[in-house]
Structure formats: structure tokens, C-alpha cells
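Chemist: Quick one: this structure, given as C-alpha cells, is what I'll be asking you about.
The values are calculated or read from the model by the stated rules, or taken from the named source; none is laboratory data. Note that the coordinates shown come from a computational prediction; the quantities given were computed from them, not determined experimentally. Heads up, the Cβs are rebuilt from the backbone with ideal geometry, glycines too, and the neighbour counts pull from every protein chain shown. Only protein heavy atoms, including side chains, enter the accessible area calculation; ligands, DNA and RNA are left aside. Shrake-Rupley method; radii C 1.70, N 1.55, O 1.52, S 1.80 Å.
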Amino acid sequence: MRKPFVAGNWKMNKTVEQARVLVSEMLPGLQAVKAVERVLCPPFTSLMAIAAMLSGTDIGLGAQNMHWETAGAFTGEIAPAMVKEFCQYVILGHSERRTYFGETDETVNRKVRAALAHGLTPIVCIGETLAENEAGRTAEVVSRQIEQGLKDLTPEQASGLVIAYEPVWAIGTGRAASGEDANRVVGDVIRPTLAKMFGNTVAEGVRVLYGGSVTAANAAEFFTQPQIDGALVGGASLKAAEFVKIVEAAAQ
Ligand code: PGA
């Protein structure tokens, strides 16, 4: 059985003070839903403050990115051990990182391996662009992102991953994929690719989330799909009541 998983990706939003307010608003609601693995991913600058607020709860904390090197002359970057001081999770390969900051399957792979080496659970994002989707290339793109992004992992390492299938055209657009279409990509492409690389047991055990314009109104459409284990939520994770409703829907 795969435990449902919902993470909030706050992206570049909220000062420390604003982050504290948002977490205090959602914390009671989130704490009530034990059946779901719940993770908040605020900006780096708020991690220390939010880690303090979450200590003693069973709610996880994640960063939104990380460098793969352990330390050194990489101005502006954050090392795995720095993330690990506060977090259990790290989002890697988000499409905004790939699109605006030049991340490739190869750099994603370095980051995934570094995260695992430091005991962090990577939430690895994959997904096709609108042009790729319309050209019928979804399966090819998504399987390549998995094959290259998860290259050289052992089955044991792969079994601890969380994968977020986020069609790029659905992110922040208000135009979510249909539950059925997302379920088909996970069941027909993502799990079979994982099975080829790491075996059936790993492929069936890895949590695969859907991401892209998930709201309280459409969350159930994804959570009722047999292949989808939860959601990576952007915009709707910045609204306390809305995010709590999404987490509650994942427990149904
Ligand atoms: P969105 O973002 O929910 O605002 O579409 C999802 C994501 O980027 O993870």
C-alpha cells in the first residue's frame, strides 16, 4: 500500500513573517489528517522558522531546490547538508527550474544522487510541455526524464523516491490535466519505466503524485485514480483552508 502524499510548493512566495502566519493557519487542519504524508516546501529563507513550528508534529518540511556539490565556490547556491539541517524532503527538477534556470536531466540526476546520499527524500518532477503533448511525445519525454534523471540509482534508492508528474501546460494555468489522462501517463509510462529500471516491486511502491492546477475542487478527481498517490500543489498551497481541504481529500 502506498501512503497518500501531498506537498505544498510555495515557490517564490512569503516572507518569514508571512510564512509563519500561513503555517499557523493551516497547522491544526493538517495535523488532523494522519493518513496522509504532508509536506510544506517554503522558500529557503523560511525553512529555519518553519522547521521550528513543525517540530514535534508529523508534518514534513522540504526545500524547493538544492545544489549537488557538498560545499565550495558556488555563489547563491544551497548545499545538501544545509537543506538537511531543516528538511526531510527536497523538490528537484521542477519545470520552472528546467525552463528558467537551465536544469537538465543530467543536473537533476546529480541532485537526486546528492539528496539520497544526504538522507533526503527527493520529490522528482517530470512532465511534458504543451508542444510535446500536442505532438504526441508525452511518453517519450516522460520516460527519458525518468531514465536520465534517475540514472545509476540502486533499486533500494529508487524505492524511497517520490515522483511528481506535472504536465508543464497545467502548472499555474488553471487548466489541470484530466484525472484519467494523468492516471494513464502514470500507469502506462511512469511505472513501466520504473519497472524496467528497478523492477516491479519498486515501480509499484514508489509514490507518484500529480501536479498542475490542483485545487480543492478538482483534487478528488486525481486522488480517486488508482495510479496517482497524491499531489504537488502550487498556488492552492498558499491558501490555508484550500490546502487543508486538498489534504483531507487525499485521505478519503
Ligand atoms: P500549481 O503549481 O498548483 O500552481 O499549478 C504546481 C507546481 O508547480 O508544483
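Chemist: How many residues does the stretch 229-240 hold that are more than 10 Å from the ligand (Cβ to nearest atom) and under 14 Å from the mean Cα position of the chain (by Cα)? Working first, answer last.
Modeler: Just the residues of the stretch 229-240 that are more than 10 Å from the ligand (Cβ to nearest atom), to begin with: 229-230, 239-240.
Next, from what is left, pick out any that are under 14 Å from the mean Cα position of the chain (by Cα): 229-230.
Going through the stretch 229-240 one residue at a time, the tally reaches 2.
Chemist: On to the next question. Filter the stretch 55-70 for residues that are more than 19 Å from the chain's Cα centre (by Cα) and at negative phi and give the result.
Modeler: Those that are more than 19 Å from the chain's Cα centre (by Cα) and at negative phi: SER55, THR57, GLU69, THR70.
Chemist: Here's another thing I want to ask about it. Which ones in the stretch 191-209 are within 16 Å of the ligand (Cβ to nearest atom) and either open to solvent by less than 10 Å² (accessible area, probe 1.4 Å) or without any contact (Cβ under 8 Å) to a residue 24 or more places away in the chain (or both)?
Modeler: Within the stretch 191-209, VAL208, LEU209 meet the criteria.
Chemist: Is at least one residue of the stretch 51-64 within 16 Å of the ligand (Cβ to nearest atom), open to solvent by less than 60 Å² (accessible area, probe 1.4 Å) and among the polar types (S, T, N, Q)?
Modeler: So far as the stretch 51-64 goes, yes, one or more of its residues are within 16 Å of the ligand (Cβ to nearest atom), open to solvent by less than 60 Å² (accessible area, probe 1.4 Å) and among the polar types (S, T, N, Q).
Chemist: Follow-up question, since we're still on this one. Across the stretch 210-228, what is the number of residues that are within 15 Å of the ligand (Cβ to nearest atom) and either among the polar types (S, T, N, Q) or on the phi < 0 side of the Ramachandran plot (or both)?
Modeler: Qualifying residue count for the region: 13.
Chemist: Separate question: ALA231: more than 25 Å from ARG144 (Cβ to Cβ) and either modelled with pLDDT under 95 or in contact with a strand residue (DSSP E or B) (Cβ under 9 Å, 6 or more places away or on another chain) (or both), yes or no?
Modeler: no
Chemist: While we're looking at this one, here's another question. Can you confirm whether the stretch 129-150 contains a residue that is of a type outside the set (Gly, Ala, Ser), out of contact with any helix residue (DSSP H, G or I) (no Cβ under 8 Å at 6 or more places or on another chain) and under 18 Å from GLY211 (Cβ atoms)?
Modeler: No: the stretch 129-150 contains no residue that is of a type outside the set (Gly, Ala, Ser), out of contact with any helix residue (DSSP H, G or I) (no Cβ under 8 Å at 6 or more places or on another chain) and under 18 Å from GLY211 (Cβ atoms).
Chemist: Do we find that VAL186 is of a type in the set (Val, Ile, Thr), touching a residue at least 24 places away in the same chain (Cβ under 8 Å), under 23 Å from TYR89 (Cβ atoms) and within 13 Å of the ligand (Cβ to nearest atom) in this structure?
Modeler: Working: of a type in the set (Val, Ile, Thr): yes; touching a residue at least 24 places away in the same chain (Cβ under 8 Å): yes; under 23 Å from TYR89 (Cβ atoms): yes; within 13 Å of the ligand (Cβ to nearest atom): no.
So VAL186 does not fit the description; no.
Chemist: Continuing with this model, one more query. Could you pull out every one of the helices (runs of 4 or more DSSP H) wholly within the stretch 69-184 that has 1 or more residues that are of a type in the set (Phe, Trp, Tyr) and open to solvent by 10 Å² or more (accessible area, probe 1.4 Å)?
Modeler: Of the helices (runs of 4 or more DSSP H) lying wholly inside the stretch 69-184, those with at least 1 residues that are of a type in the set (Phe, Trp, Tyr) and open to solvent by 10 Å² or more (accessible area, probe 1.4 Å) span 95-100.
Chemist: So, one more: If you go through the stretch 210-221 one residue at a time, how many are open to solvent by less than 40 Å² (accessible area, probe 1.4 Å) and part of a helix (DSSP H, G or I)? Let's see the steps before the verdict.
Modeler: Taking the stretch 210-221 and keeping what is open to solvent by less than 40 Å² (accessible area, probe 1.4 Å), we get 210-214, 216, 218-219.
Filter once more, so that each one left must be part of a helix (DSSP H, G or I): 219.
Here the count works out to 1.
Chemist: It is to be established whether one or more residues within the stretch 169-181 are of a type in the set (S, T, N, Q) and within 16 Å of the ligand (Cβ to nearest atom).
Modeler: So the first thing to find is which residues in the stretch 169-181 are of a type in the set (S, T, N, Q), and the list is 173, 178.
This time we only want the ones that are within 16 Å of the ligand (Cβ to nearest atom), so: 173, 178.
Yes; the residues of the stretch 169-181 include at least one that is of a type in the set (S, T, N, Q) and within 16 Å of the ligand (Cβ to nearest atom).
Chemist: Give me the pairs: first residue in the stretch 89-104 and at pLDDT 95 or above, second residue of a type in the set (D, E, K, R) and open to solvent by less than 30 Å² (accessible area, probe 1.4 Å), beta-carbon distance under 7 Å, and six or more apart or on different chains, which are they?
Modeler: Sorted first by the residue in the stretch 89-104, then by its partner, the pairs are LEU92/LYS111; GLY93/GLU103; SER95/GLU166; ARG97/GLU103.
Chemist: Answer yes or no as to whether PHE243 is farther than 18 Å from LYS151 by Cα, within 15 Å of the ligand (Cβ to nearest atom), among the aromatic types (Phe, Trp, Tyr) and in contact with a Ser or Thr (Cβ under 8 Å, 6 or more places away or on another chain). Steps first, answer last, please.
Modeler: Working: farther than 18 Å from LYS151 by Cα: yes; within 15 Å of the ligand (Cβ to nearest atom): yes; among the aromatic types (Phe, Trp, Tyr): yes; in contact with a Ser or Thr (Cβ under 8 Å, 6 or more places away or on another chain): yes.
Judged against the criteria, PHE243 is a match.
Chemist: When ALA164 is evaluated against the numbered criteria (1) within 23 Å of VAL36 (Cα to Cα); (2) in contact (Cβ under 8 Å) with a residue 12 or more places away in the chain; (3) more than 15 Å from the ligand (Cβ to nearest atom), which criterion, by number, is the only one it fails?
Modeler: So the condition that ALA164 fails would be (3).
Chemist: Quick check on the stretch 1-18: of everything there that is under 19 Å from the mean Cα position of the chain (by Cα) and not in a loop (DSSP other than H, G, I, E, B), which residue is nearest to the ligand (Cβ to nearest atom)?
Modeler: ASN9
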